[in-house]
1. Can you find, within the stretch A:47-69, the residue that is surrounded by the most Cβ atoms within 10 Å (Cβ to Cβ) among those that are within 14 Å of chain B (Cβ to nearest Cβ) and more than 22 Å from A:LYS3 (Cα to Cα)?
2. Got a number for residues in the stretch A:11-41 being within 15 Å of the chain's Cα centre (by Cα) and farther than 16 Å from A:SER75 by Cα?
3. Going by what's in this entry, would B:ILE8 be described as more than 24 Å from A:PHE33 (Cα to Cα) and within 11 Å of chain A (Cβ to nearest Cβ)?
4. Strands (runs of 3 or more DSSP E) wholly in the stretch B:54-107 with at least 2 residues that are without any contact (Cβ under 8 Å) to a residue 40 or more places away in the chain and hydrophobic (A, V, I, L, M, F, W, C) - which ones?
5. Which residue out of B:THR21, B:THR29, B:THR5, B:THR53 is modelled with pLDDT under 95, over 22 Å from A:ALA92 (Cβ atoms) and surrounded by 13 or more Cβ atoms within 10 Å (Cβ to Cβ)?
6. If you go through the stretch A:70-90 one residue at a time, do you hit one that is closer than 22 Å to B:GLN49 by Cβ, within 14 Å of another protein chain (Cβ to nearest Cβ) and not hydroxyl-bearing (Ser, Thr, Tyr)?
7. Test of understanding: among B:SER71, B:SER79, which residue is touching a Cys at 6+ places or on another chain (Cβ under 8 Å) and of a type in the set (Gly, Ala, Ser)?
Amino acid sequence: DVKVTQSSRYLVKRTGEKVFLECVQDMDHENMFWYRQDPGLGLRLIYFSYDVKMKEKGDIPEGYSVSREKKERFSLILESASTNQTSMYLCASNRLAGVETQYFGPGTRLLVL
Amino acid sequence: LAKTTQPISMDSYEGQEVNITCSHNNIATNDYITWYQQFPSQGPRFIIQGYKTKVTNEVASLFIPADRKSSTLSLPRVSLSDTAVYYCLVGGDKIIFGKGTRLHILP
């Protein structure tokens, strides 16, 4: 079975802190994605990566950056956390974008105070 | 990118068949239709995917008419554990999650 893990299930940070969310997949998938999910808004794509050191902006990249130094690991970085970044963050991976099923991690619920 | 429209919420009872319909009027020729299920505090989980006609697996069936402008996810004999949010997605190279349908199964 594909396994996508995220470093934390729950995280509490203060405004202005730099926050790192880590995601690891064990199926040698080329593509990895970061979403945020907010009540009433569904899932929104922040960034995705189709190869090591490659990244593309999703629909809401402002305030975020990403890093993909190794194929299995995709990090989401909040350079200076703000309260409007309080959300559930979901990581996903797949072999080919779109048609191929995306496999999701359990999510990280981030609270920024 | 094809936009999808599905009901915000639905209620049903245990043992009944549930059908959730999704509209995607501007679906492109190479787009597939995929449904995901999400339980609270978990990531979405793949249910079924199709291109046209009917697809069935151990969990659900997916009905797609010839014009492909809509699709219907059918869950046979639902149980309380099927209470979840169901997302309809359409895409090829890129997919977009909508707001989903919150399905509530009653005893």
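1. We begin by selecting, within the stretch A:47-69, every residue within 14 Å of chain B (Cβ to nearest Cβ); these are A:47-50, A:56-60.
Keeping just the survivors that are more than 22 Å from A:LYS3 (Cα to Cα) gives A:56-60.
Working: A:GLU56: 13, A:LYS57: 13, A:GLY58: 19, A:ASP59: 11, A:ILE60: 14.
The residue in question is A:GLY58.
2. Summing the residues that are within 15 Å of the chain's Cα centre (by Cα) and farther than 16 Å from A:SER75 by Cα in the stretch A:11-41 gives 2.
3. On the way: more than 24 Å from A:PHE33 (Cα to Cα): yes; within 11 Å of chain A (Cβ to nearest Cβ): yes.
Considered against the rule, which asks whether it is more than 24 Å from A:PHE33 (Cα to Cα) and within 11 Å of chain A (Cβ to nearest Cβ), B:ILE8 comes out as yes.
4. Working: elements: B:61-64, B:70-75, B:84-91, B:101-106.
Here the list reads B:61-64.
5. On the way: B:THR21 fails: modelled with pLDDT under 95; B:THR29 fails: surrounded by 13 or more Cβ atoms within 10 Å (Cβ to Cβ); B:THR53 fails: surrounded by 13 or more Cβ atoms within 10 Å (Cβ to Cβ).
So the residue among B:THR21, B:THR29, B:THR5, B:THR53 that is modelled with pLDDT under 95, over 22 Å from A:ALA92 (Cβ atoms) and surrounded by 13 or more Cβ atoms within 10 Å (Cβ to Cβ) is B:THR5.
6. So in the stretch A:70-90, the residues closer than 22 Å to B:GLN49 by Cβ come out as A:90.
Applying the additional criterion that residues be within 14 Å of another protein chain (Cβ to nearest Cβ) yields A:90.
In the following step, the residues that additionally are not hydroxyl-bearing (Ser, Thr, Tyr) were identified as A:90.
Among the residues of the stretch A:70-90, at least one is closer than 22 Å to B:GLN49 by Cβ, within 14 Å of another protein chain (Cβ to nearest Cβ) and not hydroxyl-bearing (Ser, Thr, Tyr), which makes the answer yes.
7. B:SER71 is the lone residue from the list that is touching a Cys at 6+ places or on another chain (Cβ under 8 Å) and of a type in the set (Gly, Ala, Ser).
The values are calculated or read from the model by the stated rules, or taken from the named source; none is laboratory data. Keep in mind that what you see is a predicted model, and the values were worked out from it rather than measured. Reconstructed Cβ throughout: ideal geometry from the backbone, glycine too, with neighbour counts over all protein chains shown.
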